[in-house]
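The values are calculated or read from the model by the stated rules, or taken from the named source; none is laboratory data. As the structure is a computational prediction, the values presented were derived from the model and not from experiment. Positions of Cβ are backbone-derived with ideal geometry, glycine not excepted, and every protein chain shown enters the neighbour counts. These area figures cover heavy atoms from the full protein model, side chains too; ligands, DNA and RNA do not enter into them. Shrake-Rupley method; radii C 1.70, N 1.55, O 1.52, S 1.80 Å.
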Amino acid sequence: MHYRLKTYFDYFSNISIKIKFFVIVILAILFIDMQISNAAHLFYKNISGDIGVAIFITISFVYLIVQQYILSYANREPLQIQEESSSFKRIKRIINFMIFFIIICFLTIIFEILISQYYDSILLLLVLVATNAINIVVMSNMASRFFSWYQLRKEPTILIFATMCCIIAITAFITVLFMGTVLIMQPEKVDANMQVVLPTIEHGSTLSIMNYLYYYFAILSYIITWIITSLLLKDYSNKLGKTKYWIMLSLPLVFYLSQLLVTQFGLFIPEDAEDNFAFQMWFLFFYTPSSLIGGLLFSIPFFLIIRRTKISKPLENFLRITAYGLILFFAAGSATVYHTPYPPYGLITVAVIGPSSYLMALGLYYSARIISRNRTIEGQMKKSDKYSQFFARLGSAEKEKALTEIVEEIGKKLPPDDRKVSEELETVDREIVEYLKKFKADKKS
């Protein structure tokens, strides 16, 4: 069944529709899903009706189809590089299985709602664990790669990127611990008659500590990504003027962090119940897009390379995939599902975390591989703006890493005894020729 679905979606991905359109569709779905999820405790009676259920099922099906189109587009054959590391191949297989598992969980929830008028809360936990497991696997792998690239090219931005990947992976782990613990305490079966109540967390408890860790690590990942973006776009401080540049760049960060005044310090919250209700509605509506604005900002360096540098079509595609992955990842950063609304609004947003982080990793990895095999593109990027120079260094580091691996592999073929060198020289020469042919072919691809 998995392979039949995969074949269908691979065929579907060949339809000539721009991926940008599908990303916009997912962003629209995320906005609807987050707004309803965040306000579910205020309007649970309204969303549990036939209209609420119909909206949830519709956007769920649209999301699942569109997500598979984007993933199939990112993985389809014309974009692939001939050679990739065996570890990344294994990761791709694991990710594909986990995404298929998430689809099965979604379909099970939908059929339970349609047939039995309830859903099992354990399915929310399974989706939460699976999507964050994808995040942990791909971000840990990319952190390892960035650290290895940093060893070869002492570029501060590469080190910060590695740190960002580590923080995102840690945040995903804390998310599973915190939200998973809350979900375990929820009723096994959730139906329309259940009141949606945000969980009460006792101050000083273990759950409270996990809540704070989850919240502040999420903020930290946002801040460190903002720092990377500010470094990559630093050339624009000369073009726009330093004051104007930092004001424009800081506005999304200030907007994002300003919600802390309400959520953490309790400022501006009215005491009157009626005013408080209206305030909550405006607050949720106003701040839901804050992460999306950050994602749009963080994607700018990738779109600038596509627009301003003469690069190959595969590299352009992978840079675009990275940018869209960033947008979707940060757009999905402000909804939860641990309050178990009926139907489970917020689940789509939670499910996006894994696939979007996979798109980020896929785009960054293949971009570095392509640049490492094309001296012309690497040379152009080295002479361009800082955001292009950063990728040129990644490509250069990846090329040096690949050469080192080839030399080490050849070294394993050398006879351990010097006296046998002459006897086995022909075999070693043959191995060297084969590796050099392989490397030369890779550079042309």
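Across every pair of non-identical alpha carbons in the stretch 190-236, the mean reciprocal distance, once inverted, gives a Kirkwood radius of 14.0 Å. So if we plug the beta-carbon distance of K244 and I306 into 1/(1 + (r/R0)^6) with R0 = 22 Å, what FRET efficiency do we get, rounded to 0.05? The pair K244/I306 has a calculated efficiency of 0.35. Counting only Cβ charges, +1 for Lys and Arg and -1 for Asp and Glu, the dipole size of the stretch 95-216 around its Cα centre is about 600 debye.
Remark on the stretch 25-165: hydrodynamic radius 18.0 angstrom, per the Kirkwood mean of 1/r across alpha carbon pairs.
Note on surface exposure: K154, K18 rank K18, K154 by accessible area, highest first, 1.4 Å probe.
Note that the stretch 316-328 has calculated 3J(HN,Hα) couplings of 4, 5, 6, 5, 5, 4, 4, 4, 5, x, 4, 4, 5 Hz, one per residue in order, obtained from phi through the Karplus relation 6.51 cos²θ - 1.76 cosθ + 1.60 (θ = phi - 60°); glycine and proline are x.
Derived scalar couplings between HN and Hα for the stretch 236-249 equal 6, 5, 6, 6, 8, x, 4, 5, 5, 4, 6, 5, 4, 6 Hz in order, rounded to whole Hz, by the Karplus curve 6.51 cos²θ - 1.76 cosθ + 1.60 (θ = phi - 60°), x for Gly and Pro.
Put simply, when 308-317, 185-194 are sorted by average Cβ atoms within 10 angstrom per residue, most first, you get 308-317, 185-194. On the beta carbon distance between K45 and R93, with R0 = 51 Å, the FRET formula returns roughly 0.70.
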